[in-house]
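The values are calculated or read from the model by the stated rules, or taken from the named source; none is laboratory data. All values derive from a computational prediction rather than experimental measurement. Methodologically, a virtual Cβ is constructed for each residue, glycine included, from the backbone with ideal geometry; neighbour enumeration extends over all protein chains shown. These area figures cover heavy atoms from the full protein model, side chains too; ligands, DNA and RNA do not enter into them. Shrake-Rupley method; radii C 1.70, N 1.55, O 1.52, S 1.80 Å.
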Amino acid sequence: MLVLGATGMAGGIAVDNAFALGASAVVAVGRNRGRLDALCERIARPALRTVRLSGSERSPISDAIADALAGQPPTIVIDFCWGAVAEAAFYALGRSDLDTDDADVLYVEVGATAGADAVLPAALLRSRRLTVRGSGLGGTPVTEIAARLPELVELIAAGRVHVPYTAYPLSEVGAAWAANDGTRAVVVSG
């Protein structure tokens with residue numbers, strides 16, 4: 001699995017979910033070195049490889065993603081970034097040094113933190129079995145989401161999926177609203 005935007009809240013949870021649901025390897029791509037290091041420390045698996053986004057030139061980012069994939073294209077890409085980050089991933093997926101024989105790749109676009117548009121190379125579509133789809137309101141029926149929630153709650157309760165949070169008393173709701181520390185703000189009574 002390849003997670004673009006792994007240093008955000010949802011991206012970090014996607015990395016946990018991938019391992020909890022049986023992924024053999026995950027490449028986590030993100031800008032924040034501290035959060036990438038924290039992912040590695042918390043998950044502590046050799047099958048977790050990270051790529052730090054630095055700069056905006058496609059080629060070095062693409063090469064770093066391809067190197068982290070170690071010759072094996074992911075079966076799933078979860079993209080919280082889009083824009084130039086997606087373009088770098090497309091070029092990494094299209095490289096000839098990635099195995100192509102048994103590679104069905106599902107590319108799921110979830111967010112657009114790096115830009116609203118991305119160029120999808122025609123050569124990639126001709127050289128790899130790639131399915132691109134979006135995920136958002138309207139993309140998945142609410143009944144399907146509701147049916148999967150109990151499984152997610154069980155994974156969180158068992159500690160297999162980590163959701164970082166900071167609890168705030170109701171009297172500090174303003175601080176919770178303004179918080180930007182990489183955790184989910186939770187307001188509790190009392």
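Before moving on, here are some points about what is shown:
- Members of segment 130-156 that are open to solvent by 90 Å² or more (accessible area, probe 1.4 Å), closer than 26 Å to residue 104 by Cα and of a type in the set (D, E, K, R): 133, 144, 148
- Each residue in segment 157-190 was checked for being surrounded by 13 or more Cβ atoms within 10 Å (Cβ to Cβ) and in a loop (DSSP other than H, G, I, E, B), and 8 pass.
- In summary, no strands (runs of 3 or more DSSP E) completely within segment 26-118 bear 3 or more residues that are of a type outside the set (Asp, Glu), more than 13 Å from the chain's Cα centre (by Cα) and surrounded by fewer than 15 Cβ atoms within 10 Å (Cβ to Cβ).
- All of (1) farther than 27 Å from residue 155 by Cα; (2) assigned to a helix (DSSP H, G or I); (3) touching a residue at least 24 places away in the same chain (Cβ under 8 Å) hold for residue 14 with one exception: (1).
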